[in-house]
Amino acid sequence: MRWSWKIGRVAGIDLRVHATFLLLLAWAALAYYRVEGTATAATRGVVFTLALFASVVLHELGHALTARRFGVATKDITLLPIGGVARLAYMPRKPKQELAIALMGPAVTLAVIIILFAAIQIFSLPNAALSGPLGARGGFVAELMWVNISLLAFNLLPAFPMDGGRVLRAALAIRGNYVKATETAARAGKAFALAFGILGLFYNPFLVLIALFVWLGAAGEEADARLHSTLNGVPVERVMIRDVQTLTPRDNLDVALRYVLDGFQQDFPVVEEGKVVGILTRSRLLDAVSRFGREAFVGDTMEQAFRTAVAQEPVEGALSRLHQAHCSTLPVMKGDQLEGVLTLENVGEYVMIDAALREATT
């Protein structure tokens, strides 16, 4: 995710923090300071927020480790102002597996709440509900418990992108169509986003930010489901570009520049003795031209770490590798021979054409 930095690694999963999370820390410090007027109070606000997000990390680990049991890897966990996001390599299309993954996060949060409540009872800690901004006047453990209860209730709303939306989608998909189930949960997410936005305009501007994240998350889930529906069962050979310009490692960058200007291609397979040995991406081409000039060699500039696809495999599997690659092009191979390339652009064009054809027949 852009504008995020790695801050550690938990259970083999990278933990990242988004730049906007710093705004939340600043807001928490200011809220506590305005109540008590001391630097100590501001520090307490930051510490409380960090403790709260430790609970959020545990919540996301619940999702990630459950997904791992189904063979699904987690790319990273990113902390955002509205919570955490565990980026799974993919969401299982089996509704029961998605249901288990979606429920495990709230289950972990519930366990955290129970542990905090037990600590309050055992050590006779204050058990008051929140009495100020983020509970600035309450007991630390009680504050943490009550905010976790609030987050659990929010997260179980039956709307994307909250866990409750995934539970709703999985429950509907068990006996129905996956895409229609996604659309139902996405519509619910957009409805909640509108409600949050309206409330935010009158009561709390922070709700407007939450509304934006909820709307974008719901729209993204809906688009992803439609993409899956369109590409399901489609082989790479139906989508790939067959008319491909190639380069050799001994070509000058000027040759690639002419190809860029003469056609639509942006990334170029680099072939030597019939084998693909690299890819010259547009970004590498432009960077090398600005630094070394047109006469530099392709072999000194090309990307040598690249993924490949085969013509008969499903597009969805190749698309997953394409998202993980350093460039937006996958060479499509038959043995050692290049048959074509698969790019994000031509996958997008295929989806748009398919959508237009479906509208024409309805």
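The values are calculated or read from the model by the stated rules, or taken from the named source; none is laboratory data. Just so it is clear, the model here is predicted, and its values are computed rather than measured. We place every Cβ from the backbone using ideal geometry, glycine too, and count neighbours over all the protein chains shown.
A few points about this structure:
- Any hit, segment 300-310, residues being in contact (Cβ under 8 Å) with a residue 40 or more places away in the chain, touching a helix residue (DSSP H, G or I) at 6+ places or on another chain (Cβ under 9 Å) and within 21 Å of Glu237 (Cβ to Cβ): yes
- Out of Ala219, Ala211, Ala185, one residue alone is over 22 Å from Leu24 (Cβ atoms), crowded, with 18+ Cβ neighbours inside 10 Å and either of a type in the set (A, V, I, L, M) or in contact with a strand residue (DSSP E or B) (Cβ under 6 Å, 6 or more places away or on another chain) (or both). It is Ala185.
- Residue within segment 86-97 that is basic (Lys, Arg), over 27 Å from Ala218 (Cα atoms) and at pLDDT below 85 present: no
- Residue within segment 327-338 that is within 29 Å of Leu253 (Cβ to Cβ), touching a Ser or Thr at 6+ places or on another chain (Cβ under 9 Å), modelled with pLDDT under 80 and outside any helix (DSSP H, G or I) present: yes
- Residues in segment 52-93 that are exposed (fewer than 15 other Cβ atoms within 10 Å of the Cβ) and within 26 Å of Trp146 (Cα to Cα): Ala54 alone.
- Some residue of segment 70-77 being closer than 17 Å to Gly165 by Cβ, touching a strand residue (DSSP E or B) at 6+ places or on another chain (Cβ under 8 Å) and either assigned by TED's automatic domain parsing to the domain that holds Met145 or not in a helix (DSSP H, G or I) (or both): no
- Of all residues in segment 205-236, those being over 17 Å from the mean Cα position of the chain (by Cα), over 17 Å from Leu344 (Cβ atoms) and not in a loop (DSSP other than H, G, I, E, B) number 7.
- For segment 184-195, a tally of residues being more than 22 Å from the chain's Cα centre (by Cα) and either modelled with pLDDT under 90 or not assigned by TED's automatic domain parsing to the domain that holds Ala225 (or both) returns 0.
- Across segment 320-352, the qualifying residues are those that are among the β-branched types (Val, Ile, Thr) and under 22 Å from the mean Cα position of the chain (by Cα), and the one among them that is nearest to Val239 (Cα to Cα) is Val347.
- Taking the numbered list (1) under 30 Å from Ala119 (Cβ atoms); (2) modelled with pLDDT under 80; (3) surrounded by 19 or more Cβ atoms within 10 Å (Cβ to Cβ) in turn, Ser131 passes all entries but (3).
- Test: residue in segment 162-174 that is crowded, with 18+ Cβ neighbours inside 10 Å and either touching a Cys at 6+ places or on another chain (Cβ under 8 Å) or part of a loop (DSSP other than H, G, I, E, B) (or both): yes
- In segment 3-20, the count of residues that are in a strand (DSSP E or B), among the aromatic types (Phe, Trp, Tyr) and surrounded by fewer than 18 Cβ atoms within 10 Å (Cβ to Cβ) is one or more.
- Whichever residue in segment 34-43 is surrounded by 14 or more Cβ atoms within 10 Å (Cβ to Cβ) and modelled with pLDDT of 85 or more and, among such residues, is farthest from His323 (Cα to Cα): Arg34
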